[in-house]
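This report refers to the structure that appears directly beneath it.
The values are calculated or read from the model by the stated rules, or taken from the named source; none is laboratory data. What you are looking at is a predicted structure, and each value in this text was computed from that prediction instead of being measured. Note that we place each Cβ from the backbone using ideal geometry, even for glycine, and neighbour counts take in every protein chain shown. In case anyone asks, the SASA skips ligands and DNA or RNA and just uses the protein heavy atoms, side chains included. Shrake-Rupley method; radii C 1.70, N 1.55, O 1.52, S 1.80 Å.
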Amino acid sequence: MLIYIMLGLMLLSAGFVAYRLKRDGAEYHFVENAGLMVVVLVAASALGGMAEAGDWFRYVRYVYAILTAAYIAYAAYAKYRGGTDGYGQ
């Protein structure tokens, strides 16, 4: 049951970050979005060691980790290029 709740949180946070990325741009809310994705990734990794978490959840965690790293790299570049401080200022 916890695995499915975590899967829902992963999808919800990815959708939330994608919405903010589309609406404001990558350099705005960089710190909040990256923090949200990292916290969810750490929680998913903690749950990944449970016996009922199958191989499919491990692959979902890998995909989410790749999305997190890609977002951080892209937003850091946009912040560097755009000259904002990561909070949209």
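Looking at the structure I just gave you, is residue 46 open to solvent by 60 Å² or more (accessible area, probe 1.4 Å) and in a helix (DSSP H, G or I)?
Answer is yes for this residue.
Pull out all pairs, ordered by first then second residue, where Cβ-Cβ is under 6 Å, the residues are six or more apart or on different chains, the first lies in segment 57-81 and is free of Cβ contacts under 8 Å to residues at least 40 places away in the same chain, and the second is outside any helix (DSSP H, G or I).
As it stands, the answer is none, since no pair meets every condition given.
Counting just the residues of segment 2-17 that are farther than 15 Å from residue 46 by Cβ and open to solvent by less than 80 Å² (accessible area, probe 1.4 Å), which one comes out farthest from the chain's Cα centre (by Cα)?
Only one residue fits best here, namely 8.
Among the residues of segment 27-34, is there at least one that is in contact (Cβ under 8 Å) with a residue 24 or more places away in the chain, under 20 Å from residue 3 (Cβ atoms) and either of a type in the set (Lys, Arg) or open to solvent by 40 Å² or more (accessible area, probe 1.4 Å) (or both)?
no
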